[in-house]
Amino acid sequence: MFNTIKIAAKAAMFVGLLAVGVSSQTTSGTVNLSGAVSKFVEINSGGAVTLSGNSGGGVTTDGTVNNPLAVVVDLGELGPSNTSNFVTATVPLKLRSNAAYVLSLTASVSSTGSTANRITAADVGFGLGTVSRSGTGVNTSGSDTNATSGDPTLGANGSVNGTSGRYEYTAANSNLGSFSSATTALNGAFILNAVPRSNNNGLTVPAMFAVKPQFYEVGSTTVTATFTVTAP
């Protein structure tokens, strides 16, 4: 009887020690993750086009905010029968980036005329207006440098040539003749802070194109302006 009790006690002690040993066992594993953030830049339409001073013509394909920029505008009559001071098309642009950006412009102007009196690239005024950084998630403290002279219709940006009598845009980067190859129009700091892609805010700036009606050679003119934004 005594031996039976003694064996049972030893068995119970062994089981208890075994239970303690099992409960103290630990194990671990490691997961390593990696990723990267690339430079990102984007240009879209900032909204509807404004056309003023035109005689005939109109906006054929308007801009739609946050959609790809693909605007088509008919400036209408650009000869002396149009008595407006200027025919002006204002095209809002919207830029977005997570890095410093450069906005450049490449423009071409072709006319059916064959003489020096035809409309040339120098006769199409160009400039970027006031830059706006506003809205949730926008880097509002970032700075931007406008390489154009602003609104091309301002008196400081052009005048009548005293010798030829032709109106000329004379300020720096104030006409499309300055953009026959890719040329910087605007550059600045990153535009958006850490927000989701679904945040539609960004930097907005109006691009202005202007022609002063004159006694140009009879014919038609085609202007193509291509904006490109990069993150150097």
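So the values come out like this:
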| read-out | value |
| --- | --- |
| Largest-first principal axis extents, alpha carbons of the stretch 42-90, Å | 40, 16, 13 |
| Helix 2-23 vs. the chain, principal-axis angle (Cα, 0 to 90°, nearest 10) | 10 |
| Derived scalar couplings ³J(HN,Hα) [the stretch 86-103; Karplus, 6.51 cos²θ - 1.76 cosθ + 1.60; whole Hz; x for Gly, Pro] | 8, 9, 10, 10, 10, 10, x, 10, 10, 10, 9, 7, 10, 8, 4, 10, 9, 9 |
| Karplus (6.51, -1.76, 1.60) ³J(HN,Hα), θ = phi - 60°, over the stretch 204-215, in Hz, Gly and Pro reported as x | 10, 7, x, 9, 10, 10, 9, 10, 8, x, 9, 7 |
| Relative contact order of the chain, defined on C-alpha pairs under 8 angstrom at six or more residues apart (%) | 28 |
| Given charges at Cβ of Lys, Arg, Asp, Glu: the stretch 91-232 dipole, positive-most of Ala100, Tyr169, Val205 | Ala100 |
| Value of [θ]222 nm, deg cm²/dmol, for the chain, DSSP H segments ≥ 4, -39500 (n - 2.57) each, nearest 500 | -3500 deg cm²/dmol |
| Residues Tyr101, Tyr167, Tyr216, sorted so that the one with the fewest Cβ neighbours within 10 Å comes first | Tyr167, Tyr216, Tyr101 |
| Relative contact order of the stretch 135-232, pairs being alpha-carbon contacts under 8 Å that are 6 or more residues apart, as % | 35 |
| Selection from Pro232, Thr153, Ser181, by position along the positive dipole direction of the stretch 117-232 (Cβ) | Pro232 |
| Leu69 long-range amide H proximity, modeled H, under 5 Å | Ser45 |
| Residues Arg197, Arg166, sorted so that the one with the fewest Cβ neighbours within 10 Å comes first | Arg197, Arg166 |
| Charge dipole (debye, nearest 20) of the stretch 86-226; +1 at Cβ of Lys and Arg, -1 at Cβ of Asp and Glu | 340 |
| Label of the coordinate-derived value, Cα extents along the principal axes in Å, listed as [x] 132, 30, 30; [y] 53, 45, 32; [z] 49, 44, 33 | [x] |
| Projected label distance in nm at Asn117 and Ala172, using a 7 Å step from Cα toward the beta-carbon | 3.6 |
| Ascending count of other beta-carbon atoms within 10 Å, so fewest first, for Arg118, Arg133 | Arg118, Arg133 |
| 5 angstrom amide H check on Leu93, placed H, neighbours 5+ away | Gly46, Val205, Ala207 |
| Amide hydrogen neighbours beyond the local backbone of Leu186, cut-off 5 Å, H modeled | Leu103, Ala147 |
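Bear in mind these aren't lab numbers, they're just calculated from the coordinates by the rules spelled out. Everything numeric in this text was worked out from a predicted model, so none of it was measured. FYI the Cβ positions are ideal-geometry reconstructions off the backbone, even for glycines, and counts take in every protein chain you see.
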